[in-house]
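Data first, discussion second: the structure below is written as structure tokens.
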């Protein structure tokens, strides 16, 4: 009788947990949509204010302040977009918009967005691409999101004067492997597991000095998995981090998204 009672209690607890997760995802989705509209208006009007201030008052502080408003608004909008992505992933409603893309071009476009920041920290940024990289049917915008997240992390957690190297090669089966390696602070296996969980942030004196929601790596891993690919992190404290993304040649059929509430200790999602 006691065993039957325990099984009933476990089933009830699981139902409650599933309901709570669905409710959370629905709330996040609704909140994200509600906040995006006014944020877009804030950014638009701030941009107009900056434009008019620069045109009529070259030395007016209004342009500077408007720039701060727009920057903060865009930052909040990025956070909301990440939260919306997580809610879609958890609810199983995330979809790709696939088309033919040059993987080299997608990486090049992503590097442009981090090159100035790397230069400001005197970091060396290298890109080595094999000449025979194929064109794959992928969601270009989402893959750029993956590359930008990984490059931004590499930049953020690599000290001044460090090095970031991106290597893209064709696999023997016609897919592509992209490795992003840095000479940053690195992580233990336990820290990798934490970093791959939604909202999980590796706590250290260095990481606390940098903003972030802890969504970048889980979203990147999920997007790669949605493309039918593999995502692997190898790292050691004070010895840098290497993230390897492997994309298969056939993008026609994609696998379901992984459950983001757990992550393997090796940092490997396949």
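Every read-out reported here was derived from the displayed coordinates using simple, explicitly stated rules and does not represent laboratory data. All of these numbers come straight from a predicted model, not from anything done at the bench. Because the Cβ atoms are built from the backbone with ideal geometry, glycine has one as well, and the counts that use them run over all protein chains shown.
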- Could you check the simple spin-label distance between residue 81 and residue 65, using points 7 Å along Cα→Cβ, in nm with one decimal? 2.8
- Task: Multiply the residue gap between residue 189 and residue 105 by 0.36 nm, knock off their C-alpha separation, and tell me the result in nm, one decimal place.
- Result: 27.0 nm
- Taking the mean number of other Cβ atoms within 10 Å as a proxy for protection, how do you rank 127-133, 222-228, 68-74 from highest to lowest? 222-228, 68-74, 127-133
- Inter-centroid distance (Cα atoms) of the stretch 87-158 relative to the stretch 179-194, Å: 18
- Query: Once the Cα atoms of the stretch 130-201 are picked out, what are the Rg and Dmax in Å?
  - Reply: 14.4, 38
- So how far apart, in nm, are the two label points at residue 55 and residue 163 if each is 7 Å from Cα heading toward Cβ? 4.9
